[in-house]
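These notes concern the structure reproduced below.
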Amino acid sequence: MIDHVEAALSSIVGAGHVLVAPDVRASYETDWTGRFHGTARCVVRPASTTEVAEVLRVCAAHAANVVVQGGNTGLVGGAVPSQGEVVLSTTRLRWIGDVDPIAAQVTVGAGVPLSAVQQHVRRLGLDVAVDLAPRDSATVGGLVATNAGGERVLRYGTMRRSVAGLSVVFADGTVASRLSGLPKDNTGYDLVGLLTGSEGTLGVITEVRLQLVPVLRSRTVALLALSGVTDALSAMAVIKSRVSILEAAELFFADGLALVCDRLGLPRPVPGGHEAYLLVETADREDASAPLFAALGNIPAEIVVAEDPVARQRLWRYREAHAEAISAVGIPIKLDVVVPLAALTEFVAQVPSLVTKACSAARTVIFGHLNEGNLHVNVLGAGGAEPAVESAVLEYVAALGGSISGEHGIGRAKAAYLSLSRTKEEITAMRAIKRALDPTGLLNPGVLLPPG
Ligand SMILES: Cc1cc2nc3c(=O)[nH]c(=O)nc-3n(C[C@H](O)[C@H](O)[C@H](O)COP(=O)(O)OP(=O)(O)OC[C@H]3O[C@@H](n4cnc5c(N)ncnc54)[C@H](O)[C@@H]3O)c2cc1C
């Protein structure tokens, strides 16, 4: 049934872009993991900043709460509705501006998938610093809203470092734009920085000016089979001390590898029963291999090396396919924690037993970004025991001095645990910012900030 809100939205974006039928809404109502879902009042797909502003004005006037959705690859339930919200999909904000080769910047619509920008700018010798497995679906706006990390944080930092500017529409329809991309600009509060990582709770990002990096075509990947986390940390330390062009250092374990090989029908990359695997990648304009080979000569490990793109991709597949292989088994609890490197070995040893104590049937699969101590703790088979498992792991992380989210954000999944990582005073300040920019709580209710 079309009511007056949907009619008003149709008059802005066209009836074809207000989705009301349950079967066409369905893919917008469930997240990538299948764990978070709800019913949307409707899905609206504006195609410009002006349309986003008009849509938000209509929603505000009718007190119709809004959930912002980009590529819907987020892993903390922040982009799907829970209680009949309007889903504002950014996927029609899909344009790429001219590249400024001197500043190495480009302005794009927030709904452009990461891989489309990568393809566009690589032709011009430039690259997007952040890269991650769902690059064909994850949107630039989503990457900014979650301050995404990914596989190259070691070299380039998180998404925050790549955001040279943005346009945002606040809950009342006001548009604020800061797209000049000036390398120095010390004129007050950093609104661009504030919006980065705000998970759709402060405004809808509609345009992003990206700071690009040079494309590095010479690449070498090595997969090291090791006996455990301590050896992986030592190997990474040796490589980092000798190689200045290191771009990635990813960790996974025998159980995750077995799952990937079984589910995807892949051969084991190395024979033998190794416990931990470290995948490293170097990149440079020319010859990314020589310094890596010199460093690897000092590390006692079984090592496979890949230099051509197909062989490199084959090795990366063992790491990147973890999430899909885990999801093929069941709906996991996904915890994305950061642990101080000094406590990493203890954490990896203790977490599976902490999890089984909370739920005896549960199984833990861990992988992640070793350099930052950012581990993805995936728990399968814990249906019904989610709160017990989550608190056991997240309280342990907090006790070790870590963070309850390295890159996925807080979303709905971890809002109740925010106080494990942020102080009361910080949360009070965050609430004040939310109230100032979105006084009625129109945008992404229940996301990031705990109720209260
Ligand atoms: C297989 C797999 C691997 C992944 N690997 C990584 C990884 O290595 N590193 C990493 O950081 N993440 C990873 N992710 C998580 C996810 O891809 C990122 O969080 C990504 O940034 C989400 O982008 P999206 O466009 O899909 O956003 P969505 O999922 O649509 O939204 C995510 C959040 O951002 C908000 N949002 C989206 N667009 C906007 C906008 N334009 N304005 C305001 N708010 C907005 C949403 O409301 C929601 O709160 C992975 C996910 C999958 C499925």
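Any read-out appearing in this document is the output of simple, stated calculations on the displayed coordinates, not a laboratory observation. Just so you know, these numbers come straight off a predicted model, no measurement behind them. Reconstructed Cβ throughout: ideal geometry from the backbone, glycine too, with neighbour counts over all protein chains shown.
Side notes on the structure shown:
- From the largest down, the range 1-104 spans 51, 34, 22 angstrom on the principal axes of its Cα atoms.
- Label-zone membership for the range 111-130, site residue 179, 7 angstrom Cα→C-beta point, backbone N under 17 Å: 111-113, 117
- Mean silhouette area of the range 116-190, derived from the convex hull of its C-alpha atoms and averaged over all directions, reads 6.5 nm².
- Considering only 278, 342, 290, and ranking their Cα positions along the charge dipole of the range 209-356 that arises from unit charges at the beta-carbon of Lys, Arg, Asp and Glu, the one farthest toward the positive end is 290.
- Size descriptor, Kirkwood hydrodynamic radius, that averages inverse alpha-carbon separations across the range 263-346, Å: 15.8 Å
- Fewest-first ordering of 261, 59, 359 by other beta carbons within 10 Å of each residue's beta carbon gives 261, 359, 59.
- Here the spin labels are modelled as points 7 Å beyond Cα on the Cα-Cβ line, and at residue 264 and residue 357 they lie 3.4 nm apart.
- Inverse of mean 1/r across different Cα pairs in the range 406-452, Kirkwood, Å: 11.1 Å
- Dividing the mean sequence gap of close Cα pairs (under 8 Å, 6+ apart) by how many residues the chain holds gives a relative contact order of 15 percent.
- Based on the Kirkwood approach, the hydrodynamic radius assigned to the range 77-146 is 13.1 Å, with every pair of different Cα atoms included.
- Multiplying the residue separation of residue 424 and residue 30 by 0.36 nm and removing their Cα-Cα distance gives an extension gain of 138.7 nm.
- Cα-based reach from residue 184 at 28 Å (exclusive), listing lysines while leaving out same-chain residues under 8 positions away: 434
- The range 158-296, dipole about Cα centre (Lys/Arg Cβ +1, Asp/Glu Cβ -1), debye to the nearest 20: 320 debye
- Ellipsoid semi-axes for the range 218-293, based on the Cα gyration tensor and the rule √(5λ), read 24, 15, 9 Å when sorted largest first.
- Around the Cα centre of the range 299-379, unit charges on the Cβ atoms of Lys, Arg, Asp and Glu (plus for the first two, minus for the last two) sum to a dipole of about 280 debye.
- The distance between label points at residue 386 and residue 254 comes to 3.3 nm (points 7 Å beyond Cα on the Cα→Cβ vector).
- Expressed as a whole percent, the proportion of Cα-Cα pairs in the chain lying more than 42 Å apart is 15%.
- Each helix, a run of at least 4 DSSP H residues, gives -39500 (n - 2.57); summed and divided by the residues of the chain, these come to -9500 deg cm²/dmol at 222 nm.
- Between residue 298 and residue 216, the C-beta separation translates, for a Förster distance of 30 Å, into a calculated FRET efficiency of about 0.80.
- Global size of the range 154-256: 19.6, 56 Å for Rg and Dmax (C-alpha atoms, Rg to one decimal, Dmax whole).
- Calculated FRET value between residue 290 and residue 310, using beta carbons and R₀ = 30 Å, to 0.05: 0.90
- √(5λ) per eigenvalue of the Cα gyration tensor, the range 38-84, largest first, Å: 19, 14, 8
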